[in-house]
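Read the structure below first, then the notes.
The values are calculated or read from the model by the stated rules, or taken from the named source; none is laboratory data. Here the structure is a predicted model, which is why all the values come from computation and not from measurement. Note that each Cβ is placed from the backbone with ideal geometry, even for glycine, and that neighbours are counted across all protein chains shown. Quick note on the areas: whole protein, heavy atoms, side chains included, nothing else; ligands and nucleic acids left out. Shrake-Rupley method; radii C 1.70, N 1.55, O 1.52, S 1.80 Å.
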Amino acid sequence: MTRPRFNRILLKLSGEALMGQGQFGIDPETVKGLASEIAAAKKDRELCVVVGGGNIFRGIAGAAKGFDRTNADYMGMLATVMNSLAMQDAVEALGLHARVMSAIRINEVCEEYIRRRAVRHLEKGRVCILAAGTGNPFFTTDTAASLRAIEINADLLLKATKVNGIYSDDPMKNPQATRYARLTFDKVLMDRLNVMDATAIVMCRDNNLPLRVFDLTKPGELLRIVRGEDVGTLVTNS
């Protein structure tokens, strides 16, 4: 059986992935490790990255503590810009070219996101790091990842987590939880498996964009996926 070839991939990283063993913020060594994984997988493929901001500020958590939700979400968007700049620095230290593109205008710091320009960067072999979510409050960076993947015609959306796929329950709390090798989007929604928010899942489903959930803390997993190996959990329409 011929393994699938993925030429254009969007990788969704949580902000927490940049913390390392810390409780908040950015750990430089962890970011370097993530950049190495990205560099190894990039090679002759086009790779785009969306980074969350939960290691610095999460909008919904800020709203729960009394911030206006809209302002809190904008603060979270700015946190994703900080994470994206850190990732850009680490990727370029490995000899790759990277561009941070923000959904909100911060032209002194990075480019604004324009779909055609992002596609052109990818075609030129640059790593595109997309910041500030969708640029709108009340939308998660998971939804931003789905939206951007669809906009740039990605072949695959990758969701990096701390576990090796999607489980029937939280494997950290329930050791009896079952890992799924393959699922449909409808099953994810019906069983409320919470791997991504419902809006992101519906967008993937309605646009026939395959989603693979995997453990980025295990070295080499990203490279295995882009080579077509069956890693983590694959979610499709059938």
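Computed with the Debye formula from one identical point scatterer per Cα of the stretch 184-235, without solvent, the log10 of I(q)/I(0) at q = 0.14, 0.31 Å⁻¹ comes to -0.40, -1.14. The antiparallel fraction among DSSP beta bridges confined to the stretch 72-192 stands at about 20%. Across the stretch 79-238, Cα-Cα distances exceeding 22 Å account for 47% of all pairs. Electrostatic tally near Lys159: other residues with Cβ closer than 14 Å to its Cβ, Lys and Arg +1, Asp and Glu -1, net -1.
Each Lys or Arg adds one and each Asp or Glu subtracts one; over the other residues with Cβ under 12 Å from the Cβ of Lys124, this totals +2. The count of lysine pairs in the stretch 1-149 with alpha-carbon distances below 20 Å, taking only pairs 8 or more places apart or on different chains, stands at 7.
Using the Cβ-Cβ distance between Glu108 and Phe67 with R0 = 30 Å, the FRET efficiency computed as 1/(1 + (r/R0)^6) comes to roughly 0.75.
Assuming charge only on the beta carbon of Lys and Arg (+1) and of Asp and Glu (-1), the dipole of the chain about its Cα centre is about 540 debye to the nearest 20. DSSP bridge analysis restricted to the chain gives an antiparallel fraction near 15%, rounded to the nearest 5. What fraction of the Cα pairs in the stretch 29-149, stated in percent, has a spacing above 19 angstrom? For the stretch 29-149, the share of Cα pairs beyond 19 Å comes to 45 percent. Ordered by 1.4 Å accessible area with all protein chains kept, Ser238, Ser168, Ser102 run largest first as Ser238, Ser168, Ser102.
With each label modelled as a point 7 angstrom along the Cα→C-beta vector, the Lys187-Ser168 pair spans 1.2 nm. For the pair Ala198 and Arg45 in one chain, pulling the backbone fully straight at 0.36 nm per residue adds 52.2 nm over the alpha carbon distance. In this structure, His97 and Asp215 have a Cβ-Cβ separation that, at R0 = 22 Å, corresponds to a calculated FRET efficiency of about 0.20.
With the biggest extent put first, the Cα atoms of the stretch 81-157 measure 35, 28, 18 Å across the principal axes.
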